[in-house]
Amino acid sequence: MKFRITSSVIFSAVALGAVFLQMGCASTGNQRSANTNNTMKAVEQDYIEAMAQVDITDGSLQSLIDEGQPDEKKAFDKYSNDVKRMESMGKRLFERADQMSAQQRNYFDEWRMQGNTYTDDRIQARSEQRRADLSEYFANISVASVGVRGSLKSYMSDIRQIRTYLSNDLTPKGVGDLTPTIQQAITDGSKLKDSVSPVLAAIGSARHELSQGGNQAN
């Protein structure tokens, strides 16, 4: 009987300790703010690196159609490697951008739920106003991003198809026939970089605003 009582007491203590541990590990508003900021910073860096790679890839494309290209095979191999890097960077960017969007939704959902626990109307009103103000900065990212993913996917598709075509016909005739398509891809790459500038500005503004206060609720 004593053993059963002791075991029961121990079990209850362990269970209660687990509850307190979970409560202690629950993320605070500041932690969620920091996590969201870190994810946005990662996406920001992904955009910067991807656009730098667009520059490099466009340079490789131009090299393919330059007059007097001394080594077409070497130029094509470099271009092929640049396409692979572009694909890898694009995939990572898409994944992190999706993660950023999901994290932002969760961030504001948690903030909204915690805001409903205030008993002081003035504090609740201030929390709701701060959340609404910050939401606008995050909304600007979505607005600035409209069409950018599609443009990047289209660009990546074009450079892949150019690689496939030239892998089968890396001849002066083959390169010559494809020159207008290559020139268009270079132009599209330049337009893509221009379209990303507002996205980077929006992310930078949101990160700055988030660092000024963010969700201070615990």
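The values are calculated or read from the model by the stated rules, or taken from the named source; none is laboratory data. Bear in mind the structure is a predicted one, so any value in this text is a computation, not a measurement. When we count neighbours, we look across all protein chains shown, and the Cβ atoms used for this are built from the backbone with ideal geometry, even at glycine.
Residue-wise test of (1) under 27 Å from residue 34 (Cβ atoms); (2) hydrophobic (A, V, I, L, M, F, W, C).
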position	(1), (2)
84	no, no
117	yes, no
141	yes, yes
144	yes, yes
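When you scan segment 124-180, how many residues do you find that are within 30 Å of residue 30 (Cβ to Cβ) and of a type outside the set (A, V, I, L, M)?
So the count comes out to 15.
Being out of contact with any helix residue (DSSP H, G or I) (no Cβ under 7 Å at 6 or more places or on another chain) and at pLDDT below 95 narrows it down to one of 97, 102, so name that one.
None of the others qualify; the one that does is 102.
Restricting to segment 106-122, and then to whatever is assigned to a helix (DSSP H, G or I) and surrounded by fewer than 10 Cβ atoms within 10 Å (Cβ to Cβ), can you tell me which residue is modelled with the highest pLDDT?
If we take residues in segment 106-122 being assigned to a helix (DSSP H, G or I) and surrounded by fewer than 10 Cβ atoms within 10 Å (Cβ to Cβ), then 122 is modelled with the highest pLDDT.
Could you list, in sequence order, all residues of segment 156-180 that are among the acidic types (Asp, Glu) and part of a helix (DSSP H, G or I)?
Hits for segment 156-180 are 158, 177.
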